[in-house]
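The values are calculated or read from the model by the stated rules, or taken from the named source; none is laboratory data. This one's a predicted model, so the numbers in the text were calculated from it and none came from an experiment. Heavy atoms of the whole protein, side chains included, go into the accessibility calculation; ligands, DNA and RNA do not. Shrake-Rupley method; radii C 1.70, N 1.55, O 1.52, S 1.80 Å.
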Amino acid sequence: GIGKAVVRLMKQAGANVVVGDLKKTEDPGIKSVVCDVTRFDDLKALLKTTEDAYGPVSFWVNNAGVAHEGSIQPFEPKALEPEYHAMYHRTIAINLGSVVDGSRLAV
């Protein structure tokens, strides 16, 4: 997807690239860190690993994101179900929270 394209373009431009993901990236020439972007400590470890390997970060890309199909009607009975509630909070944590936290750390 978008993340792989960003990595490819950055590598072509000569950048040192570190990828944080839930699973290790098996790509020679790319440093990979297992990272759950919803966990602030994981983001801190990703930044530390990057700085230890390459020095200060020049740019940071927040690329994690998830989408779910379904209604967004706030007053549906389904909205009160624990599974829906957990999915909603996980989506917000990934799509919004990780961007805010990652950006705060990288600046």
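Points to keep in mind about this one:
- Accessible area of the chain belonging to carbon and sulfur atoms, whole % at 1.4 Å probe: 58 percent
- A 1.4 Å probe run over the chain, with the rest of the protein chains in place, finds 73 Å² accessible per residue.
- Cα-based Rg / Dmax (Å) for the chain: 16.3, 52
- Amide H within-cut-off set for V19, under 5 Å, with H built and near neighbours excluded: K31, S32, V33
- Over all pairs of different C-alpha atoms in region 22-64, the reciprocal of the mean inverse distance, the Kirkwood hydrodynamic radius, equals 11.2 Å.
- Highest-MSF residue in the chain out of D36, D21, D52 [GNM, Cα springs under 10 Å]: D52
- Helical content alone sets the calculated 222 nm signal of the chain at -13000 deg cm²/dmol, taking -39,500 (n - 2.57) per DSSP H segment of four or more residues and averaging over every residue.
- With contacts taken as Cα pairs under 8 Å and at least 6 residues apart, the chain reaches a relative contact order of 24 percent.
- Acute angle (nearest 10 degrees) that the helix 40-54 long axis makes with the longest principal axis of the chain, alpha-carbon atoms: 10 degrees
- Residues of type lysines that K11 reaches as a straight line, Cα spacing below 26 Å, ignoring anything fewer than 8 places off in the same chain: K23, K24, K31, K44, K48
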